[in-house]
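Each remark here refers to the structure printed beneath this line.
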């Protein structure tokens, strides 16, 4: 959360300095008066400066959501008896990545990551229920999502080779939207094949077929 603490002769003067430092307007910040200050003798000597803490509202809201997400996830892991740690980071798109590390996390990941996806959904709902701009949380456990992505890319390329050799389409197992997207992107520039999705969630599948001339 971006915030500045400023001291000046008056509260108003301190707030104006803080707004300039944050490059913000009054309606974009939260102002907390830490000390109203006091005038000295004859208004000149021995005065006490006013002190304020000014924070950007949007970033404060995000910090609250991140705290709510971490607290909810930590409580859930504790109830499941999982001895795990949660590390938080932000990706280049502004998503909040919550990486779970520890022992025996298979129950958190589930079959093909289905449990991990379910917990991720709950974390997003709980963290964002207080309103404001939606913050997207992505959960991972011991690097599962990266391993899964690499496995899907490998599957896509192997299947594409089979399609080109056999000359007929192959339908993959049902996948969620994120996994289907990985397949589509992996083969977007692959010569001789094309992809599309068929069916309805949760049984929607990627089809890899010979490319039509």
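Scan the stretch 122-143 residue by residue and report those that are in a helix (DSSP H, G or I) and out of contact with any strand residue (DSSP E or B) (no Cβ under 9 Å at 6 or more places or on another chain). Quick ask: steps written out before the conclusion?
Step one: list which residues in the stretch 122-143 are in a helix (DSSP H, G or I), which gives 122-128.
Answer for the stretch 122-143, where residues must be in a helix (DSSP H, G or I) and out of contact with any strand residue (DSSP E or B) (no Cβ under 9 Å at 6 or more places or on another chain): 122, 125, 126.
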Restrict the check to the stretch 99-109 and report whether at least one residue is assigned to a helix (DSSP H, G or I), modelled with pLDDT under 90 and exposed (fewer than 14 other Cβ atoms within 10 Å of the Cβ). yes
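Could we say that residue 119 is surrounded by 18 or more Cβ atoms within 10 Å (Cβ to Cβ), part of a helix (DSSP H, G or I) and either more than 20 Å from the chain's Cα centre (by Cα) or without any contact (Cβ under 8 Å) to a residue 24 or more places away in the chain (or both) here?
On the way: surrounded by 18 or more Cβ atoms within 10 Å (Cβ to Cβ): yes; part of a helix (DSSP H, G or I): yes; either more than 20 Å from the chain's Cα centre (by Cα) or without any contact (Cβ under 8 Å) to a residue 24 or more places away in the chain (or both): no.
No: the conditions fail for residue 119.
Could you identify the single residue in 153, 158, 148 that is in contact with a helix residue (DSSP H, G or I) (Cβ under 8 Å, 6 or more places away or on another chain), in a helix (DSSP H, G or I) and at pLDDT 95 or above? Working first, answer last.
Values: 158 fails: in contact with a helix residue (DSSP H, G or I) (Cβ under 8 Å, 6 or more places away or on another chain); 148 fails: at pLDDT 95 or above.
None of the other options fit; the residue is 153.
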How many residues are touching a helix residue (DSSP H, G or I) at 6+ places or on another chain (Cβ under 6 Å) and under 18 Å from residue 125 (Cβ atoms) if we restrict to the stretch 72-85? 2
Looking only at the stretch 51-98, which residues are modelled with pLDDT under 90, more than 17 Å from residue 140 (Cβ to Cβ) and outside any helix (DSSP H, G or I)? 54, 55, 56, 81, 83
Answer from 204, 147 - the residue that is touching a strand residue (DSSP E or B) at 6+ places or on another chain (Cβ under 7 Å), under 28 Å from residue 106 (Cβ atoms) and exposed (fewer than 15 other Cβ atoms within 10 Å of the Cβ): 204
I want to confirm something. Restricting to the stretch 12-41 and keeping residues that are part of a helix (DSSP H, G or I) and touching a helix residue (DSSP H, G or I) at 6+ places or on another chain (Cβ under 9 Å), which single residue is modelled with the highest pLDDT? 15
So for the stretch 177-187 (the condition being more than 20 Å from residue 114 (Cα to Cα), part of a strand (DSSP E or B) and not assigned by TED's automatic domain parsing to the domain that holds residue 72), does at least one residue qualify? no
Going through 97, 86, 170, 182 one at a time, which residue ends up being under 21 Å from residue 205 (Cα atoms), touching a strand residue (DSSP E or B) at 6+ places or on another chain (Cβ under 7 Å) and in contact (Cβ under 8 Å) with a residue 12 or more places away in the chain? 170
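The values are calculated or read from the model by the stated rules, or taken from the named source; none is laboratory data. From a predicted model like this one, the values you see are computed outputs, not experimental measurements. Here Cβ is always computed from backbone atoms with ideal geometry, including for glycine, and neighbour counts include all displayed protein chains.
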